[in-house]
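The values are calculated or read from the model by the stated rules, or taken from the named source; none is laboratory data. What you see is a predicted model; the values in this text were computed from it and never measured. Positions of Cβ are generated from backbone atoms using ideal geometry, with glycine treated the same way; all protein chains shown enter the neighbour counts. Accessible surface is based on the protein model in full, side chains and every heavy atom, while ligands, DNA and RNA are left aside. Shrake-Rupley method; radii C 1.70, N 1.55, O 1.52, S 1.80 Å.
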Amino acid sequence: MRAALLLVVAVLVGTVVSVDVWWESAVVYQIYPRSFKDSNGDGIGDLNGITQKLAYLKETGVDAIWLSPIFLSPMYDFGYDITDYRKIAPEYGTMDDFDALMSKAKQLGIRVILDYVPNHTSNESEWFVKSAQKDPNYSDYYIWADGKTDPEDPRKLLPPSNWVSVFRKSAWEYSPVRKQYYLHQFVIGQPDLNYRCDKLREEMKEVLRFWLEKGVSGFRVDAVNLMYEVDPAKFGEVYPDEPVSGTAGTTPDDYDYLNHIYTRDQNETYDVIYEWRALLDEYNDKHNESKIMMTEGYTTLPNMMRYYGNKSINGSIPLNFAYLEELKNTSTARDIKMVVDKWMTFMPTGKIANWVNGNHDKSRLASRYGINRIDAMNMLAMILPGVTITYQGEEIGMTDGYVSWRDTKDPQACNTDDPMNYWRVSRDPARTPYHWDSTALAGFTSGNTTWLPVADNYHTVNLAAQVAAPKSHYKFYKDMVALKRLPAVRAGDLDLRALCDSVLVITRLLPGQSAVLGIMNLSGGEITVNLSSLRLIPQQLTVEASGVNCSLDKGAQVQKHSIQMPAHCALALKSSQICC
Ligand code: GLC
């Protein structure tokens, strides 16, 4: 089977060079370094903390870790505002620590993926400082524009356009040094880079090469659909106002007040992504592995699909946020099927699907779907074809932590200026420290403070307790990772059926191999599931993973026409005979 994953890309004087396309059916585990494990007692997670815990990740079975940004940064947006793409943030460690992490990961067979943030840097970046000073080498690196004179008061200057930051209020900030405004689609400290500048585009490629040379296995690429703004040359060298959206309840300070036709999803974006993909492919032979590239862009489905490229152009894997955005705790089996089918239907032939069940920007899986659906949603992400992306803590069912207004750190929440409503947009609850055990501060730190409070329920929801328990979300998750290695899950056909509103059955079938099935009962009552209508499934099935709400144990045998599914049970099965 492994041979099938090896893509022969070149024949060199008598030797065949094979490239391992390891990511086609991988489990990628997202680490938010600040909140994963603190090794030095300062209350902030760090690289050595991650290195200490790699053995646990190996035990869990993940293929790769994706590290949210670890680079030098003033941390206004917790690392997504980068001062120097080639330096490590001192609070996370040193380059030696990073090298040690890489070497330990390599030894354990875990690949490392970095977060690449191309839309903006920090305003403390040397590039920005020089750009503000109009240094000819950097002058065009950012989006600069003259202010407009206020028609009501000629002594007053207004921003170049009505554009609004994702985090609210004007997206333009005046630089007294350059005497012009710069664009920042996120916080004021995150000036937008100018991709119409050839030199900048080359510079950003060098950043990719720097980390590829260090042996990383790919990148998650941040906020790609905001990389380009409309070409001002088309509008007489000015940036035009965006039209008002008419969204109820919004004010001119709100992002949703406008239709972002000039600041998102510009056509030029896709070509840059294809160029970066080609750059990554230059390392195929050198490292004997294909690099992964996952792009973050909250946009329409057709726009998402353009990132994939087509038959002749390789693109990225556009992160699939349907799980986060289109499903909720009341979604029925039919709703879930529709969401999955949509992605599989629109995805260009030959490309790889992906399933994201959480990230550092969204409410946690257990809080979005309720604790009864933790196993079901983890199972779905694991049995479906393609890449499974797990945010740290989802494997043990962590819930959103409570973070008071006083403790709030997320700029998106702070920008609301509203102690009553900050929690509606705050991303802090999903970023509270990882629950390692039930000791003080969840075993996250040896110190006595943490940068965000630890969630109250760590005494009961923690890794150590779940490793010790006969049944747990973690054990189920780990069994599912093992199941994902089976040939049918790696390469089989997908058949997804909603047998009724409450029962979803996911089947993976590969001729000559055992069939693999996942069944979820989304209802609050016991159901006897009859799979006779799935004709290709052999009669006898073995339980491979049994969720916390199920009564059958791992290894139990069942017949396909009668499977007892208690309320909220998620069960993964394998056929004893080969199919089909
Ligand atoms: C992405 C990141 C988010 C960050 C933003 C700006 O959406 O996931 O955390 O705030 O980009 O870089």
### Message
I'd like the full set of residues that are among the aliphatic types (A, V, I, L, M), farther than 20 Å from Asn359 by Cβ and part of a helix (DSSP H, G or I), limited to region 48-96.
### Response
Leu54, Ala55, Met95
#### Entry: Members of region 55-87 that are open to solvent by less than 20 Å² (accessible area, probe 1.4 Å), away from the ligand (no atom under 15 Å from the Cβ) and hydrophobic (A, V, I, L, M, F, W, C)
Leu57, Val62, Ala64, Ile65
### Number of the exception - Tyr142 against (1) touching a strand residue (DSSP E or B) at 6+ places or on another chain (Cβ under 6 Å); (2) hydroxyl-bearing (Ser, Thr, Tyr); (3) open to solvent by 20 Å² or more (accessible area, probe 1.4 Å)
(3)
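Of the residues Tyr369, Tyr307, Tyr323, only one is aromatic (Phe, Trp, Tyr), buried (at least 21 other Cβ atoms within 10 Å of the Cβ) and more than 16 Å from the ligand (Cβ to nearest atom); which?
On the way: Tyr307 fails: more than 16 Å from the ligand (Cβ to nearest atom); Tyr323 fails: more than 16 Å from the ligand (Cβ to nearest atom).
After applying the criteria, what remains is Tyr369.
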#### Entry: region 401-426, residues that are surrounded by fewer than 20 Cβ atoms within 10 Å (Cβ to Cβ) and away from the ligand (no atom under 16 Å from the Cβ)
Tyr402, Ser404, Trp405, Arg406, Asp407, Asp417, Asp418, Pro419, Met420, Asn421, Trp423, Arg424
### Task
Among the residues of region 33-54, write down those that are open to solvent by 10 Å² or more (accessible area, probe 1.4 Å) and in contact with a Lys or Arg (Cβ under 8 Å, 6 or more places away or on another chain).
Arg34, Lys37, Ile44, Thr51, Gln52, Lys53
### Query
Could you list, in sequence order, the residues of region 201-254 that are within 16 Å of the ligand (Cβ to nearest atom) and in contact with a Ser or Thr (Cβ under 7 Å, 6 or more places away or on another chain)?
Val221, Val224, Asn225, Leu226, Met227, Tyr228, Glu229
### Query
Which of the following residues is on the phi < 0 side of the Ramachandran plot and more than 22 Å from the chain's Cα centre (by Cα): Asp63, Asp99?
Asp99
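So is Leu101 of a type outside the set (S, T, N, Q), away from the ligand (no atom under 16 Å from the Cβ) and either surrounded by 19 or more Cβ atoms within 10 Å (Cβ to Cβ) or not assigned by TED's automatic domain parsing to the domain that holds Leu208 (or both) or not?
On the way: of a type outside the set (S, T, N, Q): yes; away from the ligand (no atom under 16 Å from the Cβ): yes; either surrounded by 19 or more Cβ atoms within 10 Å (Cβ to Cβ) or not assigned by TED's automatic domain parsing to the domain that holds Leu208 (or both): yes.
Yes; evaluated as a whole, the condition is true for this residue.
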### Query
Within region 333-345, is there a residue that is at negative phi, in a loop (DSSP other than H, G, I, E, B), away from the ligand (no atom under 16 Å from the Cβ) and open to solvent by 60 Å² or more (accessible area, probe 1.4 Å)?
no
### Query
Any idea how many residues of region 257-300 are open to solvent by 40 Å² or more (accessible area, probe 1.4 Å) and outside any loop (DSSP other than H, G, I, E, B)?
10
### Query
How many residues does region 503-522 contain that are closer than 18 Å to Asn549 by Cα and free of Cβ contacts under 8 Å to residues at least 40 places away in the same chain?
1
### Query
So, of the residues in region 372-392 that are away from the ligand (no atom under 16 Å from the Cβ) and assigned to a loop (DSSP other than H, G, I, E, B), which turns out to be nearest to Ala333 (Cα to Cα)?
Leu384
### Message
Suppose we filter Asn119, Asn137 for residues that are within 24 Å of Leu200 (Cα to Cα) and over 25 Å from the mean Cα position of the chain (by Cα); which single one remains?
### Response
Asn137
### Query
Looking at Arg220, Arg201, Arg168, which one is under 30 Å from Asp99 (Cα atoms) and open to solvent by 30 Å² or more (accessible area, probe 1.4 Å)?
Arg201
### Message
With open to solvent by 20 Å² or more (accessible area, probe 1.4 Å) and among the polar types (S, T, N, Q) as the only criterion, which of Gln180, Gln185 stands out?
### Response
Gln180
### Task
Hey, can you tell me all the residues within region 257-300 that are within 16 Å of the ligand (Cβ to nearest atom) and of a type in the set (Asp, Glu)?
Asp265, Glu296
### Task
For Arg364, state whether it is within 30 Å of Val516 (Cβ to Cβ) and either among the small types (Gly, Ala, Ser) or more than 16 Å from the ligand (Cβ to nearest atom) (or both).
no
